[in-house]
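Scroll down for the structure; my scribbles are underneath it.
Read-outs throughout are calculated quantities, based only on the coordinates presented, and are distinct from any laboratory measurement. Since the structure is predicted, the reported quantities are computational estimates derived from the model, not experimental observations. Here Cβ is always computed from backbone atoms with ideal geometry, including for glycine, and neighbour counts include all displayed protein chains.
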Amino acid sequence: MFVVRNFGNKNSKKTFPCKFYLIIYMNRIKIKNALTFKPGKEVTICGWVRSFRANRFVAMNDGSCLANIQVVIDYENLPETVLNEISVGAAISVKGIIEESQGRGQSIEIAANEIKVIGTANPEEVEKTILQPKKHNLETLREQAHLRFRTNLFGAIFRIRHHLAYAVHKYFNDNGYFYLHTPIITGSDAEGAGEMFKVTTLKPEGNLDPENDFFGKETHLTVSGQLEAELGALALGQVYTFGPTFRAENSNTTRHLAEFWMIEPEIAFGDLNDNISLAEDCLKYLVNYALKNCMEDLTFLKEREEKEDLQRPKNLRSELNLLERLNFVSDNDFIKISYTEAIKILINSKENKKKKFKYLVEWGIDLQSEHEKFLVEKHFKKPVVIFDYPKGVKAFYMRENDDDKTVAAMDVLFPGIGEIVGGSQREERYDVLLKKSKEFNIPQEHIWWYLETRKFGTVPHAGFGLGFERLIMFITGMQNIRDVIPFPRTPKNAEF
Ligand code: 4AD
Ligand code: MG
């Protein structure tokens, strides 16, 4: 049983059998706020020990912000049992007075009056983990994804990720879009690329006929909420989805996940130009939101990148620092060129003439990342929107242009990332869509409902998909997509 004095009513002496921690938590102040307080104020904070030196100075972090708060303890008056339990990784609560700091590196600190160890951390075991305060490489951090939230780097990344998820909802809400929850289990392959994970309750040793399966048919995890979002847009006007998306593509790259989050707006009575404008406006808003709301974490990431850059050869270093890159995107218009123009630029490039591209450049190819990289990072040095792609390289639902060769598709390419957005105007003409779906071998029973919307008040409409992790990569400057999602799913990897 714990005895707690002076909580709530100043004169009361209360006993709490088990609600003790609850009381502490409810009265606690976040370190983010405590750091703004003036000397003299009494606070209680809860967090984890980042470092402990000279039996006196504890650096504490509670995840509310990047900065630690320094707690100064009067170790002569602390029971040795408590003192021994204060170690890196342990969770503690501290009650004390904010004071002006004598030391360098912080303006205030807490002079502790009361310290409780809430959860211990055995130093010998901590030694073997990334909690050990020294530099760990990103690979090791990934292997301990359950602990990496406790590092400055991943604290910063996941706070930024949160703020951007919120900003996505704010942007669309403020612009009159309705958030539509599209299904995760589906019977159709929206992209027609056949990269789906199967959902089944059938036992391998039993009857494998899909009719015996849970849904009475074959089902998969969704690769995109688009087709369902279109149905919503064709009644609600403007909708967006923002949810998990699954792709069984076996590409072990730094830009692909098997489970990622996608934002998919869909606008009725809109065409390809509206779509491009929306994508540009939305991306600029999100980048700006980060600049306005995440400066402490962004500055940390910028400085980290600058340090890392010093280890690299000069030609591989970033030309602009992280903050300059973000400001650059927010301040400059995106380049907009047709696929045909892009191919011309590529064909006439020095790279092509010197045979530096691995893949052949000719009209009709799907642009490879080396081509996208050249256009964005070498040729234009700006975000680039490419539109009107050959119909052979894009999905069945994209609207056919009058030239009979191209579709009203658009991709947004970002420096260092490549494709961040893919979208299109949708084929709204029933007969054309029917013909296309047959050409792409899409079983009619999978998409009869999609086709039917083109029979009842069909309208031009458009939308796109923005890969949330690719956005977070751009905003944090992280170069591997596995480091911007808490628990990455990639081929041969579904730990945690
Ligand atoms: O270009 P994609 O495949 O487009 C669609 O799925 C459309 N149905 C979207 C729409 O029009 N509503 O994917 C859209 C974006 C890509 O530009 C990329 O940013 C991201 O999703 N993306 C991935 N991100 C991480 N891992 C993967 N495996 C990804 N595949 C696509
Ligand atoms: Mg795409």
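Shape of segment 301-367 from its Cα gyration tensor (a ≥ b ≥ c, root eigenvalues): rounded if a/c is under 1.5, otherwise prolate when a/b > b/c, or oblate? Oblate, since a/c reaches 1.5 and b/c is not below a/b. Distance between the C-alpha centres of segment 380-399 and segment 30-45: 53 Å, rounded to the whole angstrom. Here the Debye sum runs over all C-alpha atoms of segment 39-82 as equal scatterers in vacuum, and log10 of I(q)/I(0) at q = 0.17, 0.20, 0.21, 0.27 Å⁻¹ comes out as -0.54, -0.73, -0.80, -1.10. Taking Lys and Arg as +1 and Asp and Glu as -1, the other residues whose beta-carbon sits under 13 Å from that of Leu298 total 0. Which pairs, out of Lys217/Lys492; Lys353/Lys378; Lys405/Lys436; Lys353/Lys373; Lys135/Lys307; Lys134/Lys307, put more than 21 Å between their alpha-carbon atoms? As for pairs spanning more than 21 Å Cα to Cα, those are Lys217/Lys492. The aspartates and glutamates whose alpha-carbon is closer than 13 Å to the alpha-carbon of Lys455, local same-chain residues fewer than 8 away aside, are Glu427, Glu428, Asp431. For GluC sites (Glu not before Pro), the sites in segment 279-346 that DSSP calls loop and that have at most 16 other Cβ atoms within 10 Å are Glu319.
With the highest mean first, a sort of the peptides 152-161, 484-493, 125-134 on other beta-carbon atoms found within 10 angstrom per residue produces 152-161, 484-493, 125-134.
What separates the Cα centres of segment 271-287 and segment 308-372 is a distance of 21 Å. The orientation-averaged projection of the convex hull spanning the C-alpha atoms of the chain amounts to 30.6 square nanometres.
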